[in-house]
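This report concerns only the one structure given below.
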C-alpha cells in the first residue's frame with residue numbers, strides 16, 4: 001500500500017563549489033520508517049545546484065512510490081527560503097532547478113518545506129558524502145533504464161533551460177564577441193517558437209524521468225537562384241547535453257533520433273555548425289560520421 005504522506009530529508013554536497021558534487025536523500029513514512037534512500041554523484045555542480053538536485057530526486061522518488069503528500073527537510077536555508085517565497089531566485093543557473101522543483105511540488109495534494117539544523121540531517125549528509133567518496137560511483141547507477149528519445153513538451157522546459165544555460169555560458173566564454181547571455185523570457189520564447197514550427201521538432205533524451213539533453217531540428221528547403229545545387233536537408237540548430245551526462249550516450253541517442261526523423265520525411269542529409277573552440281563537439285560529430293565541408297572565417301577591422 002502506497003504511503004499517503006512521506007518526509008524527505010535531502011542534502012547536496014560539492015567539493016570545490018563548483019566541483020565534484022553528489023546528493024543524499026532519505027524518504028521516511030510518517031512514523032519514521034525508512035522507505036527509500038538515494039546516494040548519487042552528479043558530476044560538476046555548485047552546492048546550491050546539488051541541494052536542488054537532491055530535492056528533485058526526492059520528489060521524483062516520492063511520486064514514483066505513490067505518495068500524495070510530502071514534507072521536505074533540508075539544511076539549506078537559501079533553497080528553503082526560495083521555495084517558500086521568502087527569497088527571490090537571482091542566480092540564472094538555479095532558476096530551471098527551482099522551476100522543476102515547483103513543478104514536482106504541484107503534483108502532490110500537500111507540500112511543506114522546512115529548514116533543519118545540519119545535525120538533524122546527518123543521514124542524508126552521509127549518503128551524499130558516501131557517493132563522493134566512492135571512486136567506483138558512476139553517473140549511470142546499476143540497473144538504470146536505457147536512454148530514450150521523444151518529443152519535448154512544455155513540462156520539459158525547466159530541465160531544458162538548465163541545459164541551455166550551460167551551453168550558453170560555454171559559447172559566451174568561447175566567443176564573447178559573437179554570443180551574449182539571453183534573458184529567461186528570451187530562452188522560453190525560443191522553445192515556444194520551435195514547438196509551434198510545423199517544419200521543426202524539439203526532442204529530448206531521457207533516462208527514466210530525467211532529461212539528459214535535447215535537440216532542435218529544422219527542415220531547410222532548396223534555395224532558389226543559388227549557385228549551390230538544390231538540396232533539401234535537416235538542420236541541427238541545437239544539440240545540448242547536460243555536462244554531468246557527457247559520455248552517457250545521450251548525444252548518440254539524440255543524433256539517432258534526428259536521423260530517424262529525417263528518414264521518415266525522405267530527407268537524406270543532415271547539416272550542422274560547430275564553433276572552432278568546441279573541439280569536443282567536433283570530435284563527437286566526426287566519430288558519428290559527420291564531415292567538415294566548409295570553414296567559416298571572420299576578422300575584426
Any hit, region 224-234, residues being in contact with a strand residue (DSSP E or B) (Cβ under 9 Å, 6 or more places away or on another chain) and closer than 18 Å to residue 153 by Cα: no
Among residues of region 32-56, those that are part of a strand (DSSP E or B), buried (at least 20 other Cβ atoms within 10 Å of the Cβ) and within 13 Å of the chain's Cα centre (by Cα), counted: 2
Which listed residue is out of contact with any strand residue (DSSP E or B) (no Cβ under 7 Å at 6 or more places or on another chain) and at negative phi, from 31, 27, 8: 31
Among (1) in contact with a helix residue (DSSP H, G or I) (Cβ under 7 Å, 6 or more places away or on another chain); (2) in a loop (DSSP other than H, G, I, E, B); (3) under 19 Å from residue 18 (Cβ atoms), the one test that residue 87 misses: (3)
Yes/no for residue 60 being out of contact with any strand residue (DSSP E or B) (no Cβ under 7 Å at 6 or more places or on another chain), assigned to a helix (DSSP H, G or I) and under 25 Å from residue 243 (Cβ atoms): yes
Test for residue 21: is it crowded, with 17+ Cβ neighbours inside 10 Å, touching a helix residue (DSSP H, G or I) at 6+ places or on another chain (Cβ under 9 Å) and over 21 Å from residue 111 (Cα atoms): yes
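Bear in mind these aren't lab numbers, they're just calculated from the coordinates by the rules spelled out. Computed from a prediction, not measured in an experiment: that's the story for all the values here. Here the Cβ is made from the backbone with ideal geometry for all residues, glycine too, and neighbour counts use every protein chain on show.
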